[in-house]
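Participant: Once you've had a glance at the structure underneath, I'll fire off some questions.
The values are calculated or read from the model by the stated rules, or taken from the named source; none is laboratory data. Quick caveat: nothing in here was measured; it's all calculated off a predicted structure. Virtual Cβ from ideal backbone geometry, glycine too; neighbours counted across all protein chains shown.
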Amino acid sequence: MHASLFPGQPAPRVIVWIALGLTLAVISPGLPLRAHDDHPHAPPLAVAPAEAHRPSRLPDRIILSPTADPAHGMAVAWRTSTDAPHGLAQLAAATHGPELRERAVTIPARTEAHPTDLGPSLCHSVEFADLEPGTRYAYRVGDGANWSEWLQFETAAAHPGRFQFVHFGDAQNDILSMWSRVVREASRHAPRAQLMIHSGDLVNAGENDAQWGEWFRAGSFLHAQIPSLPIPGNHEYVKVGEGDAATSRLSHHWRRQFALPENGPPGLEETCFSVVYGDTRIVALNSNEKLAEQPAWLDELLTRDRRRWVVCSFHHPIFSAAKNRDNALLRAAWKPVFDKHGVDLVLQGHDHVYGRSGLVPPGDPPATIENAPTGVNRVDPTSGTVYVVSVSGPKQYDVSDSHPLMERLGEDTQLFQIIEIEGDELRFESRTAIGALYDGFTLRKRATGPNEMILRNDLLPERRRPPKPAVQPAPSAP
């Protein structure tokens with residue numbers, strides 16, 4: 001028996017009409033939806049940067065970097081809110097099961113304040129020392145109560161073996177939206193990469209915390225498991241002063257949020273340095289400042305301990321592939337050292353196009369070197385270094401009408417490079433944002449003389465912009 005909700009009316013009828021009314025309110029286009037009466041056509045609101053990138057007690061922006069000797073050391077940096085003033089890291093040799101948690105050692109972090117345009121935060125860093133070569137480790141970071149997930153990395157091998165790494169030119173713009181697919185595609189094609197090199201302009205505005213938040217979010221856990229070597233570009237520098245008194249300085253974000261080697265020239269700590277993986281030496285140079293101090297340091301370093309393969313990376317290209325971007329002073333200062341020590345490969349950014357040279361001879365090279373047919377051996381008795389310019393972000397420029405020494409070019413193409421070194425061979429691939437092979441070659445060491453260069457012949461056609469129509473002169477007045 002049902003009690004009536006309204007006197008004089010049977011309960012079942014009331015229930016039916018209430019249900020019918022609700023149904024009509026939902027299905028009838030002529031009836032207003034009361035939940036949206038106030039703003040029936042209001043556009044969605046964008047999340048404010050301060051909210052999207054707000055730090056918390058939970059660690060974020062975790063990034064792993066090699067020490068100068070990544071066979072025995074690794075470093076990690078991360079961010080928290082000011083509510084987590086003490087940082088800790090835990091480290092253990094990775095195991096097949098969860099027992100690593102009981103074996104972990106706890107290491108206190110170095111912590112420093114990190115004021116930004118979006119508010120205050122803290123940056124923490126730890127160096128893992130005395131590690132075993134060729135060993136997989138697990139680690140986590142936090143404050144003792146709030147921890148990251150357990151993450152894993154592997155130290156470099158004690159002896160020369162296969163070494164694979166990935167290179168990215170400028171990410172810079174629309175980082176989370178457009179660059180994320182490139183770094184993630186790279187991980188799909190190089191899942192065993194031991195290193196990621198970023199040759200400058202990671203962001204567009206070096207003091208913009210939201211852009212750094214996008215960069216870290218785009219790489220996500222890859223930054224925390226594959227060691228990174230970021231190298232500053234001009235957009236990581238900030239203008240100070242006005243007019244003739246204007247100078248520039250490195251962004252405050254750089255040294256706080258990365259933990260990079262400090263084995264370079266004085267005054268260039270964590271922006272010019274070197275690391276060794278087996279028989280390969282990777283050298284990061286800073287093309288933004290102190291250009292005259294770095295050649296002597298590099299000359300001494302390579303004289304003392306060159307290694308079989310040498311790869312240098314920096315931001316501004318020695319040979320530009322874009323319009324009005326030539327760097328004659330940089331070329332004059334640095335190329336003689338590359339020539340003297342037979343540097344094998346130079347990886348650069350800045351130009352927002354793709355360009356790859358052949359084997360560039362020592363000295364002042366000619367304006368062009370005759371292209372070799374693909375799929376054949378290249379042997380030049382005086383030759384030396386291969387120069388690569390690349391871009392991984394969506395900002396794209398025009399290729400120069402005069403592009404000395406560049407044998408392979410590209411426009412409007414987001415790219416990443418996979419380099420694999422094993423024994424006497426260096427294998428190079430440049431792939432697009434969807435993984436297609438755009439460029440490739442092999443360098444092979446010879447008993448005497450320069451490298452042999454073997455070009456791939458299974459590449460995409462060159463991607464170039466359509467020619468711009470010629471500007472017609474205005475008709476003369478009658």
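Participant: When you scan segment 376-463 for strands (runs of 3 or more DSSP E) that lie fully inside it, which ones turn up with 3 or more residues that are over 30 Å from Ala156 (Cβ atoms)?
Facilitator: The qualifying strands (runs of 3 or more DSSP E) are 406-410.
Participant: Quick test for you: out of Pro7, Pro55, Pro85, Pro12, pick the one residue that is closer than 16 Å to Val141 by Cβ and at pLDDT below 95.
Facilitator: Just a single option satisfies the conditions, and that option is Pro85.
Participant: Enumerate the pairs (first residue in segment 77-89 and assigned to a loop (DSSP other than H, G, I, E, B); second residue anywhere and among the acidic types (Asp, Glu)) with beta-carbon separation below 6 Å, excluding pairs fewer than 6 apart on the same chain, so at least 6 apart or on different chains.
Facilitator: Every condition considered, the pairs that remain are Ala84/Asp143; His86/Asp143.
Participant: Then there's this: Could we say that Glu411 is surrounded by fewer than 24 Cβ atoms within 10 Å (Cβ to Cβ), within 20 Å of Val343 (Cα to Cα) and in contact with a strand residue (DSSP E or B) (Cβ under 9 Å, 6 or more places away or on another chain) here?
Facilitator: no
Participant: So if I check each of Arg184, Arg188, which one is among the basic types (Lys, Arg) and under 12 Å from the mean Cα position of the chain (by Cα)?
Facilitator: Arg184
Participant: May I pose another question? When only residues in segment 129-187 that are charged (D, E, K, R) and within 22 Å of Leu58 (Cα to Cα) count, which is surrounded by the fewest Cβ atoms within 10 Å (Cβ to Cβ)?
Facilitator: Across segment 129-187, the extreme among qualifying residues is Glu149.
Participant: Within segment 436-453, is there a residue that is within 18 Å of the chain's Cα centre (by Cα) and crowded, with 17+ Cβ neighbours inside 10 Å?
Facilitator: No; the residues of segment 436-453 include none that is within 18 Å of the chain's Cα centre (by Cα) and crowded, with 17+ Cβ neighbours inside 10 Å.
Participant: Go through the residues of segment 22-34 one by one and say whether even a single one is exposed (fewer than 11 other Cβ atoms within 10 Å of the Cβ), modelled with pLDDT of 60 or more and not assigned by TED's automatic domain parsing to the domain that holds Met196.
Facilitator: There is no residue in segment 22-34 that is exposed (fewer than 11 other Cβ atoms within 10 Å of the Cβ), modelled with pLDDT of 60 or more and not assigned by TED's automatic domain parsing to the domain that holds Met196.
Participant: I've got another one for you. Would you be able to say whether some residue in segment 212-224 is closer than 26 Å to Ser121 by Cα, aliphatic (A, V, I, L, M) and touching a strand residue (DSSP E or B) at 6+ places or on another chain (Cβ under 8 Å)?
Facilitator: yes
Participant: Here's a follow-up. Could you please let me know if Arg281 is closer than 22 Å to His124 by Cα and among the basic types (Lys, Arg)?
Facilitator: Criteria not met by Arg281.
Participant: Turning to a different aspect of this structure: Within segment 269-279, how many residues are outside any strand (DSSP E or B) and more than 17 Å from the chain's Cα centre (by Cα)?
Facilitator: Counting residues in segment 269-279 that are outside any strand (DSSP E or B) and more than 17 Å from the chain's Cα centre (by Cα) gives 3.
Participant: From (1) more than 16 Å from Leu195 (Cβ to Cβ); (2) in contact with a Leu (Cβ under 8 Å, 6 or more places away or on another chain), pick out the condition that doesn't hold for Pro66.
Facilitator: With respect to (1) more than 16 Å from Leu195 (Cβ to Cβ); (2) in contact with a Leu (Cβ under 8 Å, 6 or more places away or on another chain), Pro66 is out only on (1).
Participant: For segment 242-254, give me the residue count where each residue is among the hydroxyl-bearing types (Ser, Thr, Tyr) and in a loop (DSSP other than H, G, I, E, B).
Facilitator: Total meeting the criteria: 1.
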